[in-house]
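Q: The structure is given below, and queries will be raised subsequently.
The values are calculated or read from the model by the stated rules, or taken from the named source; none is laboratory data. Being a predicted model, the structure only gives us computed values, none of them experimental. Please note: Cβ atoms are built from the backbone with ideal geometry, for glycine as well, and neighbour counts cover all protein chains shown.
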């Protein structure tokens with residue numbers, strides 16, 4: 001009987017929605033790929049539905065799913081699945097209950113709170129099985145509100161000797177997004193008001209930022225060095241196989257810099273909360289200005305994922321949409337830029353890609369396992385900028401993927417589902433978007449936004465907040481609060497102070513309010529990032545090893561592009577320091593540059609590396625003309641990782657990283673990243689200090705220092 005009802009329902013919805021491209025009040029979202037209503041998801045002949053909020057049924061099969069990707073590489077695209085989700089007889093304890101007129105959304109919420117509960121181990125901590133930065137995002141999105149004590153315990157486990165553990169994924173300072181801990185820790189304080197946690201986390205963040213500023217700061221741009229795991233490892237770099245650890249450290253990623261700027265702002269807020277004078281807001285503003293100066297791509301209308309290259313930093317052709325959402329939510333992008341960013345950044349009908357253009361033709365959910373976190377942050381940003389069209393599409397994409405795939409445990413073979421991150425992302429849509437909760441140190445601010453396709457009464461019962469238990473009821477659609485009451489008494493503003501106690505019922509009625517632009521930019525499947533050429537260089541020629549006739553190759557000379565018509569080409573004569581590379585011109589965006597060839601123009605000065613005393617080597621260099629120079633270290637990669645601080649005439653100039661993963665030249669030497677230094681005419685004193693790293697790291701063997709005139 002249930003199957004008959006379901007089939008009739010699907011046929012009715014298909015006939016009702018067929019041929020219509022505009023959104024109606026009867027659906028949450030409708031586009032060229034799927035239609036999502038309050039109880040059903042329909043995509044061609046595939047569907048998922050929920051008659052009641054205790055189970056999700058779907059007819060998707062592995063054969064159907066794999067047939068969608070036959071054009072990719074069937075040998076690599078293999079899916080596995082589990083059992084359909086049915087809610088357990090007993091609800092998870094201490095978790096708020098959500099109910100609405102949309103049973104499919106209710107079922108997805110129930111599935112998520114179950115899996116959040118299942119993700120807690122015997123020590124009262126969340127299972128850490130995936131990327132740590134994704135866990136920080138999950139705590140920020142909803143876990144701090146749902147499970148503050150488990151969030152606190154998990155964050156404490158990531159601290160060693162009063163600073164955030166830096167070696168959990170990759171090798172610090174090559175990978176340096178651990179400061180995302182600050183965002184999660186601050187969210188926990190805002191939901192609990194725990195003063196001991198405030199003092200503890202303030203001390204940890206302060207010490208970690210102090211270490212980072214000494215090692216990661218780029219003196220030329222003001223940005224922070226290092227690759228990041230905010231979404232993938234690291235964003236887009238998989239296309240640049242020529243990059244070693246030293247090159248990755250030279251990158252300056254959007255995600256790391258946003259997390260660091262936000263950490264400074266948080267530290268300032270923590271000090272204000274504790275009555276401590278500070279100037280951390282100035283540090284945050286300086287980094288914010290550097291981000292907008294060096295990483296904003298005016299031509300494309302979005303932020304570049306990172307700067308990369310040698311002495312002349314290049315903007316990545318890709319954008320990182322997780323970090324772009326953070327730019328909107330945390331004030332890196334001003335209001336006008338934030339609105340334009342959400343409206344103009346290309347997204348697909350199936351959601352926002354982690355990076356744009358994507359690295360492969362898989363849909364966002366399978367392209368990168370952090371997609372749910374990215375989509376959730378993007379949805380929050382759409383609500384923040386009052387772009388209801390973008391929000392509806394974003395909610396539809398999130399709910400579609402969870403209804404079709406997560407409810408069946410479908411994932412790529414050998415790539416586990418980030419159940420905790422996906423579940424925390426879904427719950428955040430109820431707490432942060434529909435109910436509009438924005439936790440602040442002084443209380444909860446309400447800015448709900450309910451799309452027109454989700455009418456009816458919504459209730460959330462049993463949310464623990466400090467010394468209170470909160471129930472919510474919400475009616476209407478839109479983003480303007482017509483009325484708000486606390487236990488039946490009207491509130492002067494949409495704000496609940498942090499000193500409330502006992503049981504409170506918050507009732508909100510919405511009406512249509514002011515909207516920003518409703519523009520959304522849709523890209524299609526053909527927008528794939530071009531390949532990165534493999535180029536072999538000689539003194540005055542280059543040869544593209546993997547040359548494909550008819551492909552638009554471009555030669556870059558210090559960032560200026562000219563056409564190449566053959567696999568072998570002659571390099572133009574240049575004066576001064578020059579970086580040559582090759583990239584492919586794409587339909588919408590160019591690919592990454594090949595491994596560059598450096599033309600020093602003048603023969604580098606070579607100084608043998610002296611004996612180290614008290615962890616410091618001193619080198620005296622005489623130059624005929626003062627100015628800007630590049631410096632690196634030639635070394636034998638006999639250790640694991642070696643990090644050295646450079647100062648010239650007692651002025652800090654940067655950090656040099658020597659890793660074993662950089663390929664040696666025929667002489668057996670590898671070269672560190674390049675530090676840009678300033679020297680005076682005549683004698684200069686260069687000091688190179690070794691940074692003490694954990695015992696698991698062993699130093700490499702420095703041989704000589706190269707000094708290159710710019």
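Q: Please count how many residues of segment 386-417 are surrounded by fewer than 24 Cβ atoms within 10 Å (Cβ to Cβ) and in a loop (DSSP other than H, G, I, E, B).
A: Total satisfying the criteria: 9.
Q: Does segment 610-630 hold any residues that are more than 27 Å from residue 576 (Cβ to Cβ) and under 41 Å from the mean Cα position of the chain (by Cα), and which are they?
A: Result: 612, 614, 615, 616, 617, 618.
Q: Between 580, 592, which is surrounded by 15 or more Cβ atoms within 10 Å (Cβ to Cβ) and either modelled with pLDDT under 95 or assigned by TED's automatic domain parsing to the domain that holds residue 630 (or both)?
A: Among 580, 592, only 592 is surrounded by 15 or more Cβ atoms within 10 Å (Cβ to Cβ) and either modelled with pLDDT under 95 or assigned by TED's automatic domain parsing to the domain that holds residue 630 (or both).
Q: So if I check each of 288, 282, which one is at pLDDT 95 or above, surrounded by fewer than 24 Cβ atoms within 10 Å (Cβ to Cβ) and within 17 Å of the chain's Cα centre (by Cα)?
A: Values: 282 fails: within 17 Å of the chain's Cα centre (by Cα).
Step by step, each of 288, 282 is checked, and only 288 is at pLDDT 95 or above, surrounded by fewer than 24 Cβ atoms within 10 Å (Cβ to Cβ) and within 17 Å of the chain's Cα centre (by Cα).
This table checks each residue for (1) assigned to a strand (DSSP E or B); (2) farther than 26 Å from residue 220 by Cα.
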residue: 582; (1), (2): yes, no
residue: 592; (1), (2): no, no
residue: 602; (1), (2): no, no
residue: 622; (1), (2): yes, no
residue: 634; (1), (2): yes, no
residue: 639; (1), (2): no, yes
residue: 643; (1), (2): yes, no
residue: 658; (1), (2): yes, no
residue: 665; (1), (2): no, yes
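Q: Report yes if some residue within segment 252-271 is touching a residue at least 24 places away in the same chain (Cβ under 8 Å) and assigned to a strand (DSSP E or B); otherwise report no.
A: yes
Q: What residue, among those in segment 186-220 that are assigned to a loop (DSSP other than H, G, I, E, B) and at pLDDT 95 or above, is surrounded by the most Cβ atoms within 10 Å (Cβ to Cβ)?
A: 193
Q: Determine whether residue 547 is in contact (Cβ under 8 Å) with a residue 24 or more places away in the chain and under 37 Å from the mean Cα position of the chain (by Cα).
A: Answer is no for this residue.
Q: Right, next: How do the strands (runs of 3 or more DSSP E) wholly within segment 444-544 filter down when requiring 2 or more residues that are surrounded by fewer than 18 Cβ atoms within 10 Å (Cβ to Cβ) and without any contact (Cβ under 8 Å) to a residue 40 or more places away in the chain: which remain?
A: Answer list for segment 444-544: 468-475, 480-486, 502-511, 541-544.
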